[in-house]
Amino acid sequence: MMTGAYPSEVVRVVCAFLSPFIALFGLYIIAHGHYGPGGGFAGGVFVAVGAVLPRLTLPADMAYRLAPVSLGPLACGAGLLGFLLVGVAPLFVGQAFLDYGALELSNVGEPRIRYLGILVVEVAVGLAVAGAMIMIFDVLTGEPEEGTHRPAPPVAPSPATSGTGAAGSASAAGSTSTAAPTATSVPDPEGGA
C-alpha cells in the first residue's frame, strides 16, 4: 500500500510540518509567475505536493481530513472556470480570446489590466494543475470516494486455522458449512481410494 501512516515518527512529523510550507511556496510561484519566472504549472504542482504528502505519511483518516478527496475536482473545476471566464470576457467586447487588455475598466490603464489579467490566468492555471495532480494521485492509489472508509487488507489464514491438517480435517468433516471446496479432487493414479 502506497498511502497511510509511515512507520517512522520522524518522517511523519517532518512531512506534517513541511506540507503547508510546500503549498505556500507553490502559491508564491503562482503569484510570481505573472511578472517573472514561475507560473501556474510549476506552482500548481507544488500546491498539489502540499496536499499529497500528508496522504503518503499520515494515517488516512487524518490526511483526508486535511485534504479531502473532493479537493481535487473542486480546485480543477474552479481553475478551468476562472481561465474560461478571463479568456471569454474579451469576446463580449469584440476582441480576441484572452485579449483581456482590450477590456475597459474605469481609472485602470491597459498595462494594469494586462497585469491583473495574467495574474488571474496564472491563479486559474495553478488551481487547475493542482486539482488535476491531486485527482491523478487519488486515481492511481485507488482511494475511496468521499465518506467511505478503506476496508482493512485481507489477512492470510494461518496454517493452524486453514483446515489443512488432521485436526482441521476432522473439524471440517463435523461442520455443516455450505462453503464450496477450495481444491479439486484428483483421482489416485494407483487406483486406490
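Among the conditions (1) over 21 Å from Val123 (Cα atoms); (2) loosely packed, with under 13 Cβ neighbours inside 10 Å; (3) among the hydrophobic types (A, V, I, L, M, F, W, C), Ala5 misses just one, which is (2).
Of the set (1) part of a helix (DSSP H, G or I); (2) touching a Gly at 6+ places or on another chain (Cβ under 8 Å), all apply to Leu140 but (2).
Quick check on Gly87: is it out of contact with any Gly (no Cβ under 7 Å at 6 or more places or on another chain) and on the phi > 0 side of the Ramachandran plot? No.
Quick grid of which residues meet (1) within 30 Å of Gly36 (Cβ to Cβ); (2) touching a Leu at 6+ places or on another chain (Cβ under 6 Å); (3) modelled with pLDDT of 85 or more:
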| residue | (1), (2), (3) |
| --- | --- |
| Val93 | yes, no, yes |
| Tyr100 | yes, no, no |
| Leu127 | yes, no, yes |
| Thr141 | no, no, yes |
| Pro151 | no, no, no |
| Ser169 | no, no, no |
| Gly174 | no, no, no |
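A quick yes/no check of all residues on (1) part of a helix (DSSP H, G or I); (2) touching a strand residue (DSSP E or B) at 6+ places or on another chain (Cβ under 9 Å); (3) within 21 Å of Pro7 (Cβ to Cβ):
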{"site": "Ser19", "(1), (2), (3)": "yes, no, yes"}
{"site": "Leu24", "(1), (2), (3)": "yes, no, no"}
{"site": "Ile30", "(1), (2), (3)": "yes, no, no"}
{"site": "Phe41", "(1), (2), (3)": "yes, no, no"}
{"site": "Arg55", "(1), (2), (3)": "yes, no, yes"}
{"site": "Met62", "(1), (2), (3)": "yes, no, yes"}
{"site": "Pro68", "(1), (2), (3)": "no, no, no"}
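For segment 38-68, residues that are farther than 17 Å from Val11 by Cα, in contact (Cβ under 8 Å) with a residue 60 or more places away in the chain and in contact with a Pro (Cβ under 8 Å, 6 or more places away or on another chain) total 1. Residue count for segment 107-133, restricted to those that are touching a residue at least 12 places away in the same chain (Cβ under 8 Å) and of a type outside the set (A, V, I, L, M, F, W, C): 6.
Scanning segment 88-108 for residues being surrounded by 10 or more Cβ atoms within 10 Å (Cβ to Cβ) and outside any loop (DSSP other than H, G, I, E, B) gives a total of 10.
Of the residues Arg55, Arg114, Arg65, the single one that is in contact with a helix residue (DSSP H, G or I) (Cβ under 6 Å, 6 or more places away or on another chain) and either under 30 Å from Ala16 (Cβ atoms) or of a type in the set (Val, Ile, Thr) (or both) is Arg55. Number of residues in segment 46-86 that are surrounded by fewer than 17 Cβ atoms within 10 Å (Cβ to Cβ), farther than 11 Å from Asp138 by Cβ and of a type in the set (Gly, Ala, Ser) equals 2.
The values are calculated or read from the model by the stated rules, or taken from the named source; none is laboratory data. Note that this is a predicted model, so its numbers are computed, not measured. Glycine also receives a Cβ, built like all others from the backbone with ideal geometry; neighbour counts cover every protein chain displayed.
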